[in-house]
Amino acid sequence: MSQPTIWRYTSGGLAIDRPIVVGILNVTPDSFSDGGLLLTVDQALERAREMVAAGADVLDVGGESTRPQGATMVSPDDELRRVIPVIQVLARELPNTPISVDTTKSVVAERALGAGAAIVNDVSAFRLDARMGTVCAAARAGVILMHSRGGVSDMATYAHAVYDSVVDDVVSELSGRVEAARAAGVSSESIVVDPGIGFSKRGEHSLAMIAGLSSVVALGYPVLVGASRKRFIGELTGETLPAARVIGTVAVNVAALERGARLFRVHDVKSNRQALDVVWAVINAAPVAAAAARGS
Ligand code: HH2
């Protein structure tokens, strides 16, 4: 199947004809790099406006952390209290920017879609809540199916980081999740896949996934990469503070873009936007340069 160029969601669609930047809006007290920063709806709106001004195409609102140290599970009520008021305000104030909700719970996805979200970003790819597929299909939501193993509290640890061949295993498991979504009625044009950088993956596994990204691209769906500020970048650069891992993040995203990724979930929108746009221009200028060199 060839890659769809329009990512369909609820009543709209986003052309994936350039790098798509997804800005992270974590309304959590405990996220690994930005937990506790956005505690009010006003703070979230201000941050969202900054990200859109800096070039974010999509805003991803999350109310439950999967932090690598082992996350605390959040009740559906608490998660709803965190994300719904923010989604309502963003949908009203930034109507041209599609909102995704980062959740593994169908009840949260359903209410978020009712409140104005257009996309469901499920880091369990519908593994943890079987109703997720029907909820997304009924709303014609865009979906991001991310590879992971285990539950919310241990999926970002190394508890399940055992692979025969990480790229082959991830592609095969992700392909099963795509089939499950399709069987639930999700349109192929609504699906984006994500190798789940850092989720049940040691540093070498995350690197292998970026290096072998063409195998994920070969599934035939747009590929999102979420490497922003993650642990393996800290291991490679020596930056212990997640917020200081911007340059490493940009480098990973550029490598991923060159290997076929088209969506990039990031905390630091401006630097990633600029780098991805410049590399995209280089990628697209290459044939022209070759033609010019031949004198044609
Ligand atoms: N990573 C995180 C959360 N959601 N969604 C997708 N599709 N891909 C990812 O790689 C991904 C994700 C973890 O990062 P973050 O939101 O910054 O941290 P936390 O889970 O601690 O809130």
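Since every read-out is calculated from the coordinates, none of them should be taken as a lab result. This one's a predicted model, so the numbers in the text were calculated from it and none came from an experiment. Counting neighbours? That spans all protein chains shown, and the Cβs are built from the backbone with ideal geometry, glycine included.
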How much length is gained if the chain between residue 281 and residue 131 is pulled fully straight, taking 0.36 nm per residue apart and subtracting their Cα-Cα distance, in nm to one decimal?
49.9 nm
So if each residue of separation counts as 0.36 nm, and I subtract the Cα-Cα distance between residue 188 and residue 271, what length gain in nm does that give?
26.7 nm
Counting only the backbone N, which residues of the range 52-96 are under 19 Å from the spot 7 Å out from the Cα of residue 159 toward its beta-carbon?
64-76
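Quick one: compute the contact order of the range 80-163, relative version, from alpha carbon pairs under 8 angstrom and 6+ residues apart, as a percent. The partial results should precede the final answer.
Numbers: 118 pairs, mean separation 20.5, N = 84.
Relative contact order here is 24 percent.
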Under 1.5 on a/c is rounded, so check that first for the chain, then, if it is not, pick prolate when a/b is larger than b/c and oblate when it is not; a ≥ b ≥ c are the square roots of the alpha carbon gyration tensor eigenvalues.
rounded
Under 21 Å Cα to Cα from residue 270, which lysines show up? Leave out anything in the same chain fewer than 8 places away.
230
If each K or R counts +1 and each D or E counts -1, the residues other than residue 152 whose Cβ falls under 15 Å of its Cβ total -3
Rounded FRET efficiency, nearest 0.05, which uses the C-beta distance separating residue 235 from residue 39 and R0 of 25 Å:
0.25
The alpha-carbon center of the range 29-107 and that of the range 177-239 are separated, in whole Å, by 20
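Would you tally the net charge around residue 76, using a Cβ to Cβ cut-off of less than 13 Å, leaving residue 76 out, and scoring K and R as +1, D and E as -1? Present the calculation step by step, with values, prior to reporting the outcome.
Numbers: positive: 81, 82, 105, 111, 131; negative: 64, 77, 78, 79, 110, 129.
Taking every Cβ under 13 Å from that of residue 76, the sum is -1.
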Relative contact order (%) - criterion: Cα under 8 Å, at least six apart; region: the range 186-296:
25
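Which of the three applies to the range 19-109, rounded, prolate or oblate, going by the alpha-carbon gyration tensor with a ≥ b ≥ c and a/c under 1.5 meaning rounded?
On the way: a/c = 1.68, a/b = 1.44, b/c = 1.17.
Judged from the Cα gyration tensor, the range 19-109 comes out prolate (a/c at least 1.5, a/b above b/c).
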